[in-house]
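Working notes for the structure below.
The values are calculated or read from the model by the stated rules, or taken from the named source; none is laboratory data. This is a predicted model, so every value here is computed, not measured. Note that we place each Cβ from the backbone using ideal geometry, even for glycine, and neighbour counts take in every protein chain shown. Heads up: the accessible areas ignore ligands, DNA and RNA and are worked out on the full protein's heavy atoms, side chains in. Shrake-Rupley method; radii C 1.70, N 1.55, O 1.52, S 1.80 Å.
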Amino acid sequence: MSVEIPAHTVNATPFVARLVEAGHRVLWYCDPAFHAHARRHGAEPLSPSRAAPTAVRFDGLRDIRAAFARAFVGEAARRCGDLRGVIEAEGVDVVLTDALAFGAGMSAESCGVAWASFGDGPLHYAERDTPPFGTGLPYVTGWPWDLRNVVVSAVTRLVFAGSARRLARARRACGLSPLRGSVLTANLSPMLHLHGATPGFEYPRRRLPAQVRWVGALRPVGAPWQPPPWWTERADRPVVLVSQGTIRDDPTELLVPTLRGLADLDVTVLATTGSAGVEAVRDACGGTMPENAIVVPFAPYDAVLPDVDVFVTNGGWTGVTLALAHGVPLVHAGVTEEKADIGARVMYSGTGVVLRTSRPTATQVHRAVTAVLGDSPYRAAAARLAEEMAGHDAGREGADLLVRLVREGSVPPH
């Protein structure tokens, strides 16, 4: 089960592909826009009984609170009803859900089958010495920072109180017992949670739940990429990749400042436009692109990152962790959605420069990229993360753990 946000759907693919490869039947409950993707990887797509809310914004804590209440928690009862029927009709053995698809775990719970979750963002589990999710606060221990975390955690509970009440009503409607704990962790399975990272990119955790498994970056599964001429014929100089991700479509946020800020630098800039489109970027640049720029709608991260020296990113989890899996240091710009929390982890891990804005100036980008290029401490830190992630294959580990959960009823402690 995955929510309608593109990255959250695509990030389930490694698990799906490995389960199908091992001969298991996979039913994928997802928005019809992703049905072709599900079939391409051997899954049988299932449609929700109705479309989820659209035009969900994530530009601040208020937007995140509204999205949780309306699009995520607000759809829990409907998803539970849909999936409960599927579980009973198809004899489902285990349910796997992304952390935002509230209702999937409830359906498994109500049918008495095993369920697991996967995480493609910062861990939501709260601890006294860890800044709570959604705040973007840096990790600092000791007095008075622990008190800060306690106070901010209390405020966070108030912010998400409406979502907690909605979830309580949804659980009652599905015949389940009242919610225990935070609404932010209610859709993280108590049986098995597969987290798309490694400990080096997360704050120290003293009481990490036993069911959490680190599986490394959620690397995409797709057909082999045939490099086009613009990639194989690029100049022999450092490569800077820049991306705004899949849902930010205003090229003036990050793409244009990067293209302008690096126009006079001896680098090749590869800009992927996503939903913004090449022509929109060209228009925003005044009708012409810098001579050192290659601007394309899409380039597969896993294919190009081995040749990239710096990744300028708006801070999405998938791009950040894939870059680190390749040892590529970061220039992180982005404070919307959960990106401020991700930026705080970039800062904590020492893997890049964090600009703390979604709209940096060309000068800010230039200075940051210059600081990261070369033999910088950021590159050394990214290399350490790459070494840590190299021991993981998220798809295979996740598939093996899911099978073990079904056969043995539990997984061994981490």
request  = With an 8 Å cut-off on Cα pairs and a minimum separation of 6 or more residues, tell me the relative contact order of the range 92-195 in percent.
outcome  = 34
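Pull out a ≥ b ≥ c, the square roots of the eigenvalues of the alpha-carbon gyration tensor of the range 327-394, then state rounded if a/c is under 1.5, prolate if not and a/b is larger than b/c, and oblate in the remaining case. Don't skip to the answer; put the middle values down first.
Details: a/c = 2.71, a/b = 1.34, b/c = 2.02.
The shape class here is oblate.
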Per-residue [θ]222 nm for the chain (sum of -39500 (n - 2.57) over DSSP H runs n ≥ 4, rounded to 500) = -11000 deg cm²/dmol
query = Mind checking the alpha-carbon convex hull of the range 140-267 and giving the volume per residue in Å³?
reply = 253
inquiry  = Let's see if you can work this out: charge +1 on each Lys and Arg Cβ, -1 on each Asp and Glu Cβ, no other charges. What is the dipole magnitude of the chain about its Cα centre, in debye to the nearest 20?
reply    = 1560
note = Scattering profile of the chain from the Debye formula, Cα beads only, expressed as log10 I(q)/I(0) at q = 0.08, 0.12 Å⁻¹, is -0.43, -0.99
remark   = If unit charges are put on Cβ atoms (+1 for Lys and Arg, -1 for Asp and Glu) and the dipole of the chain is taken about its Cα centre, the option from Val354, Val328, Tyr301 lying farthest towards the positive end turns out to be Val354
request  = Report, by chain and number, residues whose modeled amide H sits under 5 Å from the one on Trp28, excluding near sequence neighbours (fewer than 5 apart, same chain).
outcome  = Glu44, Leu46
query = Relative contact order for the chain using alpha-carbon pairs under 8 Å, separation at least 6, rounded to a whole percent?
reply = 17
request  = Starting from the Cα-Cα distance between Ala154 and Ala223, subtract it from 0.36 nm times their residue separation and give me the gain in nm to one decimal.
outcome  = 20.2 nm
Geometric extent, Cα atoms of the range 228-312 - Rg, Dmax (angstrom) = 11.7, 32
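Can you check how the C-alpha radius of gyration of the range 1-113 compares to 2.2 N^0.38 Å, as a plain ratio?
Working: Rg = 14.0 Å, N = 113, 2.2 N^0.38 = 13.3 Å.
Compared with the compact-globule rule of thumb, the range 1-113 sits at 1.05.
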remark   = Taking only the Cα positions of the range 81-133, the convex hull volume per residue in Å³ is 87
request  = Quick one: order Ile342, Ile247 from most to least accessible surface, probe 1.4 Å.
outcome  = Ile247, Ile342
query = Could you list log10 I(q)/I(0) for the range 185-257 at q = 0.18, 0.20 Å⁻¹, which the Debye formula gives when each Cα is one point scatterer?
reply = -1.01, -1.05
remark   = Rounded to two decimals, the Debye log10 I(q)/I(0) of the range 278-414 (Cα scatterers, no solvent) at q = 0.11, 0.12, 0.18, 0.20 Å⁻¹ is -0.50, -0.58, -1.08, -1.23
note = In debye to the nearest 20, the charge dipole size for the range 292-380, taken about the Cα centre with +1 at each Lys and Arg Cβ and -1 at each Asp and Glu Cβ, equals 300
note = Percent relative contact order for the range 1-51, counting Cα pairs under 8 Å at least six residues apart, stands at 35
key: Distance (nanometres) between label positions extended 7 Å along Cα→Cβ at Arg62 and Arg206   = 3.7
Stretchable slack from Val20 to Glu408, in nm (0.36 nm times residue separation minus alpha-carbon distance) = 137.6 nm
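Just the Kirkwood number for the range 111-160, please: inverse of mean 1/r across all distinct Cα pairs, in Å, one decimal. Could you put the intermediate results ahead of the total?
Details: mean 1/r = 0.0804 Å⁻¹.
For the range 111-160, inverting the mean 1/r across all distinct Cα pairs yields 12.4 Å.
On average, how much accessible surface per residue is there in the chain, in Å², for a 1.4 Å probe, leaving out ligands, DNA and RNA? All intermediate terms of the calculation are to be shown ahead of the outcome.
Values: 17690 Å² over 414 residues.
About 43 Å² of surface per residue is accessible.
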